[in-house]
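The values are calculated or read from the model by the stated rules, or taken from the named source; none is laboratory data. Here the structure is a predicted model, which is why all the values come from computation and not from measurement. Cβ sites come from the backbone with ideal geometry, for glycine too, and all protein chains shown count toward neighbours. We work out accessible area using only protein heavy atoms, side chains counted, and drop any ligands, DNA or RNA first. Shrake-Rupley method; radii C 1.70, N 1.55, O 1.52, S 1.80 Å.
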Amino acid sequence: MAFKQSPHMNPGEGEASYARNSAVQKTVQESMKTLIEEAVTGLFTTRNSYLVKNMVIADLGCSSGPNALTLVSAAIDAIHHHCVQQAKLPPKISVFLNDLPNTDFNTVAKSLATLKHSHEDFSYPIVITGIIPGSFYERLFACGSLHLVCSSNSIQWLSKAPDYLKESKTPMYDSDESLRLSRRQTVRDAYAQQFREDFTLFLNLRAQEMVSRGRMVVSLYVRCSDKPDFEFTQPWIPVMVALSDMALRDMINKEKFDSFHLPLYCPLDHEVNKIIEDEGSFEINRTLMHDPYGVMDKALINPRMMALWTRAAFEPLIVQHFGSSKEFMDEFMRTLELHLTSWGMEAVLSSEYPLAFMCLSLIRATY
Ligand SMILES: C[S@@+](CC[C@H](N)C(=O)[O-])C[C@H]1O[C@@H](n2cnc3c(N)ncnc32)[C@H](O)[C@@H]1O
């Protein structure tokens, strides 16, 4: 059986953990709260009486740390608020958190237990909780069982890197610039195709698991422009630049470097819309574009901080491929920091930076 990459985030609460390096993703979740509130109101106004008694909510790709419960907590608060305003009895709520099996579920389990008991006020809904380990590219829930699905900053992670690139031994990032430029379109097309297959599958599986007129609020990393001359067209480029530098200094075997393909792709926003339209199970209710650096104090972001954010997200995949030691990862960090410093934070974070988060509110079409 082929080795399967697991793109989970760094566990624990140490300096390079996802728990301590997810401030950017947190800003996206804040933007999604409005969409979640609207989705909850929408669910209550749908003329389905079963909604009043039970509501099942799932967050897919929850990870660990302070972001794991943000979306489901926003949904519970929105349900509570709606019921108080409408003088309705709150429904019983089941909350399920999903991520890949290698995720650090220890802290997630403790936070879920706290969430369950945090609203002892009688007007708050009764909350039942659970963890669902597994890939969201597989069936996770029973047919027609979910009312609200949330997912933040996760579905740009693919089920796998494109087979074509692995089989044809095409590196995702060539150290040689002219080779890299000549293969750029091939790499891009292979990733775009893999994203199309994965996102279509994701929509199809969720459509089976959701009730008719159920709601889905998701965000993903996208490109706002397809400028061919721009270096940072994918978030994995700084990772590959640092690893390529290490390969050129013989710290990594060249063949090993060339066979490293990350399962990550940021589509253009119109690619996302087209796939939703082609798959056909969901209507797009609303879309928001979120520039995380527009709401953060850019002056406080330095190369070390960015290198830590990157390490928190990519270390598990790097270790799985290179079998890296702590020294290797520290050198990776140092190299990445040097490149970020030489590019300049202003350039990396400028409004020209064509990566942003797309937040979508979707409605499950009637069966
Ligand atoms: C950048 S983190 C986002 C975590 C959190 N939702 C947030 O907004 O901070 C992406 C998460 O997606 C998860 N993920 C990636 N592929 C997945 C898959 N196929 N099934 C379930 N989770 C997946 C990763 O393990 C990781 O925890």
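Brief remarks follow.
- Residue check for residue 165: on the phi < 0 side of the Ramachandran plot and in contact with a strand residue (DSSP E or B) (Cβ under 7 Å, 6 or more places away or on another chain): no
- Test result for residue 148, closer than 30 Å to residue 85 by Cα and at pLDDT 95 or above: yes
Listed here are the residues, each with its yes/no results for (1) within 15 Å of the ligand (Cβ to nearest atom); (2) out of contact with any helix residue (DSSP H, G or I) (no Cβ under 9 Å at 6 or more places or on another chain); (3) over 23 Å from residue 261 (Cβ atoms).
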| site | (1), (2), (3) |
| --- | --- |
| 7 | yes, no, no |
| 10 | yes, no, no |
| 17 | yes, no, yes |
| 22 | yes, no, yes |
| 27 | yes, no, yes |
| 35 | yes, yes, yes |
| 40 | no, no, yes |
| 43 | no, no, yes |
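- Test: residue in the range 20-32 that is surrounded by 21 or more Cβ atoms within 10 Å (Cβ to Cβ) and among the charged types (D, E, K, R): no
- Of the residues making up the range 255-272, those that are assigned to a helix (DSSP H, G or I), in contact (Cβ under 8 Å) with a residue 12 or more places away in the chain, open to solvent by 10 Å² or more (accessible area, probe 1.4 Å) and over 23 Å from residue 340 (Cα atoms) are 256, 269, 271.
- Residue satisfying all of: in the range 170-197; among the polar types (S, T, N, Q) and part of a loop (DSSP other than H, G, I, E, B); modelled with the lowest pLDDT among these: 175
- Of the listed requirements (1) surrounded by 17 or more Cβ atoms within 10 Å (Cβ to Cβ); (2) under 24 Å from residue 75 (Cα atoms); (3) modelled with pLDDT under 95, residue 113 misses just one: (1).
- Between 95, 149, the distinction of being in a strand (DSSP E or B), out of contact with any Ser or Thr (no Cβ under 7 Å at 6 or more places or on another chain) and either of a type in the set (D, E, K, R) or touching a residue at least 12 places away in the same chain (Cβ under 8 Å) (or both) belongs to 149 only.
- The one condition from (1) within 15 Å of the ligand (Cβ to nearest atom); (2) surrounded by 14 or more Cβ atoms within 10 Å (Cβ to Cβ); (3) among the acidic types (Asp, Glu) that residue 138 does not meet is (2).
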